[in-house]
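> Sharing a structure with you now.
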Amino acid sequence: MAGKSIIDVLENIPREVIYTIVLIAMILPLLRPLGLPVPVSEPIKKWYDAIESLPPGSLVLISHCNLGAYPAFDSMQVATLHHLFSRPVKLVFFSIDATGLVVYDTLLSKVDPKAYGKVYGVDYFHIGYIPGGETAMKALAEDFKAAVPSDYKGTPIDQIPMAKDIKDIRDFTMIICFTSAGETSIGWIRQWIVVRPEIKYLCCVLDMMLPTMRPYYEAGQVAALTGSAPGGEYEFLIGKPGSGIKKADAFTGAQLILLVFIIIGNIASIAKRMGKGGVR
Amino acid sequence: MPFNGLPLDVLQIVAGRYLDLVVLLVIWVVTILGVNMLKRGWTPKWRKIAGLEALEEVVGRAAEMGKPVHFTPGYGGLTGTTSPQVVAGLAVFAELAKLCARYDVPIICSVGDPTVLGVAAELYKQAYMAEGKIDRARPEEAIRYLTGSQFAFASAVAGIAEREKPAGNVMVGPFWAESMMFAEVFYRIGSIQIAGTARIYQIPFFAIVCDYVIIGDEMFATGAYLTKEPYSISSIFVQDLVKIFALALTIVGLIAIHLGSNVFIEFLKW
Amino acid sequence: MSVLYRRHIPLAITFICGLIILLQFFFVPANITEPWQSSLQYYGVTLTNWANLLANFIIGFGVVNISLIHARRIMRAKSWVDKFYSIWLFIVMAAFIVVGLFGYPRMWWTPLAANWDWLQLYVLTPLDATVYASLVFYMASGCYRAFRARTLEGAALLVVGFLSIMYKTPLFQAYAPWVIKTIDWIAKYPAVGAYRGIQVSAALGAILLGIRTLIGVETGYLGRRD
């Protein structure tokens with residue numbers, strides 16, 4: 001750093017320094033939660049209200065995330081399942097990715113449907129992984145049983161009690177999608193919501209994908225749209241605190257530090273230019 | 001079994017897709033007519049796409065520094081919904097490989113989907129053949145399949161960047177969350193960067209880090225732009241005509257809705 | 001290699017397959033009883049399945065390519081660190097192939113199924129999550145460098161970027177509701193407008209690229225013309 005003024009250093013803080021401070025700002029709140037308030041944002045309220053207003057006996061299709069995206073969607077998925085299992089509705093799980101089956105097992109081990117008196121095959125079941133992405137979505141919409149000959153364990157679909165009455169898209173009341181892929185979140189709109197707008201579509205994507213899903217939300221094709229980050233808010237709302245609330249503090253820590261860095265960088269940059277003869 | 005005893009000749013259009021079909025047919029006919037009419041005489045003027053113009057700069061810099069150039073079409077394949085972007089990326093790769101062959105600059109092509117592997121290797125060989133340097137082509141070293149797993153692919157590309165320190169990095173194709181990682185790692189090692197994607201989630205990341213960005217539908221003009229064949233350039237002109245038509249439709253629809261008419265919306269549902 | 005083999009046959013295959021897929025999107029046979037298994041759709045699905053099958057078989061080429069590169073590296077690399085990484089790649093690849101082939105859930109051999117799940121859940125997921133999470137550092141340093149008020153456009157990017165980060169920070173959601181309102185407005189109007197513009201023109205571009213590919217004007221993927 002010899003020969004560099006303090007302004008030069010602040011204008012170009014080495015990335016290693018930024019990385020280290022951001023890391024500390026994230027780890028500290030995880031080790032020692034700050035207990036910052038968890039305000040419930042509008043999208044989470046809408047998500048909650050949509051599930052709360054489901055008529056008894058409604059059939060809900062849950063398209064859960066793949067394994068790679070699981071850590072990001074963990075708290076939102078677990079909280080949503082807690083909420084759904086507490087309601088008198090029936091659930092059909094679907095995996096759009098081959099690795100999703102492991103996600104399903106993990107989710108169920110965390111939520112424990114038995115605690116809510118729910119029975120596999122009667123109140124919920126998993127149709128497994130169907131390859132093809134949008135082609136699979138289309139197939140499910142057109143003829144459910146043709147697309148799903150058996151559940152994920154290989155049990156023939158005719159032997160699953162709750163599957164007896166499912167024919168096609170018209171039997172579903174809601175789709176809930178958790179995904180890190182834009183093709184999946186928009187695919188459900190193209191293959192299901194466009195065909196049957198009456199279905200409520202709840203969509204949880206990575207926060208950076210929100211702007212691209214927003215046009216569909218504004219057009220009324222998505223009933224509730226949220227990023228994966230506010231899982232803590234949902235946990236707080238349904239009274240089931242989990243990993244999401246802890247993450248909220250870490251989130252605040254990292255983003256506050258980032259804001260501080262941006263301010264420092266700009267002050268240094270402006271000061272340097274003023275030193276050179278005024279701001280242009 | 002295949003036909004369920006149904007005759008193939010009795011067909012009907014799926015409800016709600018009449019307009020889609022008409023629009024598709026109109027675009028199709030206009031493209032064929034336009035391309036055939038335009039290729040005979042007048043060639044339209046086209047604006048420069050800075051990102052594509054800079055390919056030569058990237059290769060020139062690499063030649064001066066004695067370092068390789070890195071290219072990746074992302075880890076999208078030729079069979080999914082993002083395949084048009086991969087095709088566009090491969091068109092850029094074909095041109096880049098030709099420039100690299102001309103200036104004797106090694107090129108590294110990181111592939112994340114095996115369907116792209118053979119095509120990329122073929123394009124690479126053809127580029128060297130076109131420059132009369134097929135004896136110097138090393139497809140087995142240049143074209144590298146890394147993995148089909150997103151973040152393993154990201155790590156592998158980052159590893160190549162750190163180890164081989166390419167002077168330039170060109171990434172054109174579909175990109176997901178790995179985009180920022182690529183852009184930052186290559187920025188760190190001082191590569192000049194050209195990035196292009198039609199996946200709008202990733203454009204902001206490229207825009208803040210890369211030197212040149214090819215945005216949205218510019219991607220789909222790359223093939224025609226780089227080959228500079230009148231036939232292809234004409235097809236881009238037709239593409240712009242269709243866009244103008246779409247814009248006009250939007251304005252008509254806007255006016256109709258504000259005048260309280262739902263006719264236009266119903267027409268779109270036809 | 002003749003032009004027929006290199007250009008005309010691939011173009012004909014592209015045209016015919018593309019046309020079938022398009023037709024089955026627009027047309028259904030009249031008076032059908034089982035829509036999913038109707039004739040045109042059957043062709044469409046068969047073609048899609050072929051494409052998926054081919055794509056999966058091509059993974060074999062990928063394995064050969066990666067094996068050749070790393071075998072060469074093991075033989076040529078001077079440093080033991082480089083050799084080690086390539087050897088490690090072979091070990092992990094072999095482990096995943098063996099467990100994957102014989103232990104995929106509910107396939108051939110049940111005892112390995114648990115190991116497949118274990119590999120996925122305790123090896124692949126944490127590694128994926130770690131690399132994904134490292135994005136936060138890349139983004140932090142990228143934002144720090146890019147959000148500078150050097151020009152008018154830069155200042156606009158700075159203001160909106162800064163407010164967006166505040167919007168996503170739970171602390172500000174609680175204590176600065178005006179940030180939420182401001183960013184909501186930006187997201188609802190200017191941002192949605194811009195995104196729709198890019199989305200519509202990119203979709204049109206993709207449709208026209210499709211048509212150009214079908215009619216054989218766009219041949220970048222086939223290499224140079226003879």
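> Tally time: how many residues in the range B:19-67 are assigned to a loop (DSSP other than H, G, I, E, B), open to solvent by 90 Å² or more (accessible area, probe 1.4 Å) and of a type outside the set (K, R)? Give the derivation first.
Going through the range B:19-67, the residues assigned to a loop (DSSP other than H, G, I, E, B) turn out to be B:39-49, B:54, B:66-67.
Within this subset, residues satisfying the condition of being open to solvent by 90 Å² or more (accessible area, probe 1.4 Å) are B:39-40, B:42, B:45-48.
Restricting the remaining residues to those that are of a type outside the set (K, R) gives B:42, B:46.
Selection size over the range B:19-67: 2.
Let's see how each residue does on (1) open to solvent by 50 Å² or more (accessible area, probe 1.4 Å); (2) of a type outside the set (A, V, I, L, M, F, W, C):
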{"site": "A:P241", "(1), (2)": "yes, yes"}
{"site": "A:G244", "(1), (2)": "no, yes"}
{"site": "A:A250", "(1), (2)": "no, no"}
{"site": "A:Q255", "(1), (2)": "no, yes"}
{"site": "A:L259", "(1), (2)": "no, no"}
{"site": "A:I264", "(1), (2)": "yes, no"}
{"site": "A:S269", "(1), (2)": "no, yes"}
{"site": "A:G275", "(1), (2)": "yes, yes"}
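> Follow-up. Take A:E218 and decide whether it is open to solvent by less than 40 Å² (accessible area, probe 1.4 Å), at the interface with chain C (Cβ under 10 Å from one of its Cβ atoms) and out of contact with any strand residue (DSSP E or B) (no Cβ under 8 Å at 6 or more places or on another chain).
Values: open to solvent by less than 40 Å² (accessible area, probe 1.4 Å): no; at the interface with chain C (Cβ under 10 Å from one of its Cβ atoms): yes; out of contact with any strand residue (DSSP E or B) (no Cβ under 8 Å at 6 or more places or on another chain): yes.
So A:E218 fails the test.
> Now a separate question. Select from the range B:187-211 the residues that are assigned to a helix (DSSP H, G or I) and within 10 Å of chain C (Cβ to nearest Cβ) and list them in ascending order.
Kept after step one, since they are assigned to a helix (DSSP H, G or I), are these residues of the range B:187-211: B:187-188, B:203-209.
Correct list: B:Y187, B:R188, B:I203, B:P204, B:F205, B:A207, B:I208, B:V209.
> Every residue in the range A:103-116 that is within 14 Å of chain C (Cβ to nearest Cβ) and open to solvent by less than 10 Å² (accessible area, probe 1.4 Å), please. Don't jump to the end; show me each part of the working.
Going residue by residue through the range A:103-116, those that are within 14 Å of chain C (Cβ to nearest Cβ) are A:103-110.
A:V103, A:Y104, A:L107, listed by residue number.
> Name the residues in the range A:117-137 that are facing chain C (nearest Cβ under 10 Å) and open to solvent by 40 Å² or more (accessible area, probe 1.4 Å), would you?
Matches in the range A:117-137: A:Y129, A:P131, A:T135.
> Now, a different point. Out of the range B:157-187, which residues are within 29 Å of C:N56 (Cα to Cα) and open to solvent by 30 Å² or more (accessible area, probe 1.4 Å)?
B:W176
> Give just the number: which of (1) open to solvent by 50 Å² or more (accessible area, probe 1.4 Å); (2) in contact with a helix residue (DSSP H, G or I) (Cβ under 8 Å, 6 or more places away or on another chain); (3) closer than 22 Å to A:G227 by Cα does A:C65 not satisfy?
So the condition that A:C65 fails would be (1).
> Looking at A:D207, A:D168, can you tell me which residue is within 10 Å of chain C (Cβ to nearest Cβ), of a type outside the set (K, R), surrounded by fewer than 21 Cβ atoms within 10 Å (Cβ to Cβ) and closer than 23 Å to B:K269 by Cβ?
On the way: A:D207 fails: closer than 23 Å to B:K269 by Cβ.
Only one candidate qualifies: A:D168.
> Return the total of residues in the range B:226-270 being within 16 Å of B:L24 (Cα to Cα), among the small types (G, A, S) and out of contact with any Leu (no Cβ under 9 Å at 6 or more places or on another chain).
Of the residues in that region, 0 qualify.
> Just to be sure, is A:L81 under 26 Å from C:V131 (Cα atoms), within 16 Å of the chain's Cα centre (by Cα), hydrophobic (A, V, I, L, M, F, W, C) and open to solvent by less than 10 Å² (accessible area, probe 1.4 Å)?
Numbers: under 26 Å from C:V131 (Cα atoms): no; within 16 Å of the chain's Cα centre (by Cα): yes; hydrophobic (A, V, I, L, M, F, W, C): yes; open to solvent by less than 10 Å² (accessible area, probe 1.4 Å): yes.
Spelling it out, it is not the case that A:L81 is under 26 Å from C:V131 (Cα atoms), within 16 Å of the chain's Cα centre (by Cα), hydrophobic (A, V, I, L, M, F, W, C) and open to solvent by less than 10 Å² (accessible area, probe 1.4 Å).
> Give B:G16, B:G5, B:G76, B:G34 a once-over and let me know the one that is on the phi > 0 side of the Ramachandran plot, modelled with pLDDT under 90 and more than 10 Å from chain C (Cβ to nearest Cβ).
Details: B:G5 fails: more than 10 Å from chain C (Cβ to nearest Cβ); B:G76 fails: on the phi > 0 side of the Ramachandran plot; B:G34 fails: on the phi > 0 side of the Ramachandran plot.
Result of the check over B:G16, B:G5, B:G76, B:G34: B:G16.
> Related question: Which residue, of C:A146, C:A187, C:A129, is at the interface with chain B (Cβ under 7 Å from one of its Cβ atoms), surrounded by 16 or more Cβ atoms within 10 Å (Cβ to Cβ) and aliphatic (A, V, I, L, M)? Talk me through it step by step, then tell me what you get.
Numbers: C:A187 fails: at the interface with chain B (Cβ under 7 Å from one of its Cβ atoms); C:A129 fails: at the interface with chain B (Cβ under 7 Å from one of its Cβ atoms).
Going through C:A146, C:A187, C:A129 in turn, the sole match is C:A146.
> Same structure, new question: Every residue in the range B:68-86 that is open to solvent by 10 Å² or more (accessible area, probe 1.4 Å) and touching a residue at least 40 places away in the same chain (Cβ under 8 Å), please.
Answer for the range B:68-86, where residues must be open to solvent by 10 Å² or more (accessible area, probe 1.4 Å) and touching a residue at least 40 places away in the same chain (Cβ under 8 Å): B:P68, B:Y75, B:L78, B:T82, B:P84, B:Q85.
> Within the range C:32-62, which residues are in contact with a strand residue (DSSP E or B) (Cβ under 9 Å, 6 or more places away or on another chain) and at pLDDT below 85?
Passing the criteria: C:P35, C:S38, C:S39, C:L40, C:Q41.
> Also, quick follow-up: Could you tell me which numbered condition C:G216 fails, if it satisfies all but one of (1) within 11 Å of chain B (Cβ to nearest Cβ); (2) at pLDDT 85 or above?
Going through (1) within 11 Å of chain B (Cβ to nearest Cβ); (2) at pLDDT 85 or above one by one, C:G216 breaks only (2).
> Mind listing whichever residues of the range B:154-183 are away from every other protein chain (no Cβ under 11 Å) and without any contact (Cβ under 8 Å) to a residue 60 or more places away in the chain?
B:E162
Residues are listed down the side, and each one gets a yes or a no for (1) touching a Leu at 6+ places or on another chain (Cβ under 8 Å); (2) of a type outside the set (A, V, I, L, M, F, W, C); (3) within 30 Å of B:D240 (Cα to Cα); (4) assigned to a helix (DSSP H, G or I):
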residue	(1), (2), (3), (4)
C:Y122	no, yes, no, yes
C:T125	yes, yes, no, yes
C:T130	no, yes, no, yes
C:L171	yes, no, no, yes
C:P190	no, yes, yes, yes
C:R196	no, yes, yes, yes
C:V200	no, no, yes, yes
C:L204	no, no, yes, yes
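> Follow-up. Where residues in the range C:104-123 are within 13 Å of another protein chain (Cβ to nearest Cβ) and open to solvent by less than 50 Å² (accessible area, probe 1.4 Å), which of them is modelled with the highest pLDDT?
C:V123
> Next up: So which residues in the range A:126-150 are more than 17 Å from A:I169 (Cα to Cα) and aromatic (F, W, Y), if there are any at all? Let's see the steps before the verdict.
Filtering the range A:126-150 for residues more than 17 Å from A:I169 (Cα to Cα) gives A:128-129, A:131-132, A:150.
A:Y129 - this is the single residue of the range A:126-150 that is more than 17 Å from A:I169 (Cα to Cα) and aromatic (F, W, Y).
> Condition first: modelled with pLDDT of 90 or more, open to solvent by 40 Å² or more (accessible area, probe 1.4 Å) and facing another protein chain (nearest Cβ under 9 Å). Now tell me which residues in the range C:158-179 satisfy that.
Correct list: C:F162 only.
> Would you say B:V119 is away from every other protein chain (no Cβ under 12 Å) and either of a type in the set (K, R) or farther than 29 Å from C:L127 by Cα (or both)? Give the derivation first.
Numbers: away from every other protein chain (no Cβ under 12 Å): no; either of a type in the set (K, R) or farther than 29 Å from C:L127 by Cα (or both): yes.
It is false that B:V119 is away from every other protein chain (no Cβ under 12 Å) and either of a type in the set (K, R) or farther than 29 Å from C:L127 by Cα (or both).
> So, one more: Which residue pairs have Cβ atoms under 6 Å apart, sit 6 or more places apart or on different chains, and have a first residue in the range B:42-66 that is farther than 13 Å from B:I192 by Cα and a second that is open to solvent by 10 Å² or more (accessible area, probe 1.4 Å) and charged (D, E, K, R)?
These pairs meet every condition: B:I49/B:E218.
> Here's something else I'd like to know. Of everything in the range B:221-241, what is modelled with pLDDT of 85 or more and closer than 16 Å to C:I211 by Cβ? Give them in sequence order. Full working, then the answer.
Taking the range B:221-241 first, the residues modelled with pLDDT of 85 or more are B:221-222, B:225-226, B:240-241.
Once the filter is applied, which keeps residues that are modelled with pLDDT of 85 or more and closer than 16 Å to C:I211 by Cβ, the range B:221-241 yields B:A221, B:D240, B:L241.
> Can you tell me which residue is farthest from A:I189 (Cα to Cα) among those in the range A:221-237 that are of a type in the set (A, V, I, L, M) and either open to solvent by less than 10 Å² (accessible area, probe 1.4 Å) or at the interface with another protein chain (Cβ under 8 Å from one of its Cβ atoms) (or both)?
Ranking the candidates gives A:A229 first.
> Since B:D217 meets every condition but one in (1) open to solvent by 40 Å² or more (accessible area, probe 1.4 Å); (2) outside the structural domain of B:V23 (by TED's automatic domain parsing), which condition does it not meet?
(1)
> Among all residue pairs at least 6 apart or on different chains, which show Cβ distances below 6 Å where the first residue, located in the range B:91-106, is away from chain C (no Cβ under 14 Å) and β-branched (V, I, T) and the second is part of a helix (DSSP H, G or I) and open to solvent by less than 20 Å² (accessible area, probe 1.4 Å)?
Correct list of pairs: B:V105/B:V59; B:V105/B:A62.
The values are calculated or read from the model by the stated rules, or taken from the named source; none is laboratory data. Keep in mind that what you see is a predicted model, and the values were worked out from it rather than measured. Using ideal geometry, Cβ is built from the backbone for each residue, glycine included, and neighbour counts are taken over all protein chains shown. Note: accessible area is taken over every heavy atom of the protein model, side chains too, but ligands, DNA and RNA are not part of it. Shrake-Rupley method; radii C 1.70, N 1.55, O 1.52, S 1.80 Å.
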